[in-house]
Amino acid sequence: MQLLPTIIALIGLSGSGKSSVSRALATHLGWPLHDIDQLIEQAAARPIPAIFATVGEAGFRDIETSVLQTAIAEPPAVIATGAGIVVRETNRAMLAHQAYVVWLDAPTPRLLERLRAHDEVRPLLAGDDPAGRLEAQRQARSAWYAEIAHVRIDTSHATIDELCTRIVEALRQRPHASHRPE
């Protein structure tokens, strides 16, 4: 039986389940959880919308990269990333080479339903036409998610426990740690 990797990172669009699934997966494995968005807020001592308002997206991405570097250097761990972490090539390289990357995905209407149910405000989804903005993010980021993901899991109709089981099964069935799907 293969050993599990010591860093498991969840990627995907807002509403895909990264935070919820990562909490359950960390508990299941008995590993620490590094939620990148929470760590960014702690590092900046303010909420993410305020970070965007004061330093813009580029400043936010600088903090995000620094926090990811710290989190990924502390195995074992489950890492819940922000949806846009793949925007920077440096972040993609770190994740691809130092973690087992799980892409959580669901259709845009399902993602919006989840975000609205949790009454979550996301800076890059604020304003008119959040469905259009989310779909634009999907178009812009899907190739990057696919580039670094070891496995892609549809979260549309699965419970958090079922998703954790699927992730652990995928980890155990992987041919080798450097495998990337075609």
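The values are calculated or read from the model by the stated rules, or taken from the named source; none is laboratory data. Bear in mind that the values here come from a model prediction, so they are computed numbers and not experimental data. Note that each Cβ is placed from the backbone with ideal geometry, even for glycine, and that neighbours are counted across all protein chains shown. Please note that ligands, DNA and RNA were not included when accessible areas were found on the heavy atoms of the full protein model with its side chains. Shrake-Rupley method; radii C 1.70, N 1.55, O 1.52, S 1.80 Å.
Express the carbon and sulfur contribution to the solvent-accessible surface of segment 12-133 as a percent, rounded to the nearest whole number, probe 1.4 angstrom.
53 percent
With point charges of +1 on the Cβ of Lys and Arg and -1 on the Cβ of Asp and Glu, referenced to the Cα centre of the chain, which listed residue (43, 102, 140) lies farthest in the positive direction of the dipole?
Comparing the listed Cα positions along the dipole, 102 ranks first.
What is the Å³ per residue value for the convex hull set by the Cα atoms of segment 56-136?
It is 114 Å³ per residue.
In whole angstrom, how far apart do the alpha carbon centroids of segment 19-38 and segment 54-116 sit?
13 Å
Kindly express, to the nearest 10 degrees and within the range 0 to 90, the angle between helix 160-173's C-alpha long axis and the longest C-alpha principal axis of the chain.
Roughly 50 degrees between the two axes.
Averaged per residue, what accessible area in Å² does the chain show with a 1.4 Å probe, protein chains only?
Working: 8930 Å² over 182 residues.
Per residue, the chain has 49 Å² of solvent-accessible surface.
What Rg and what Dmax come out for the chain when only alpha-carbon atoms are used, in angstroms?
Looking at the chain, its Cα Rg and Dmax stand at 15.5, 50 Å.
Can you tell me the dipole magnitude for the chain around its Cα centre, using point charges on the Cβ only (Lys, Arg +1; Asp, Glu -1), in Debye to the nearest 20?
It works out to roughly 280 debye.
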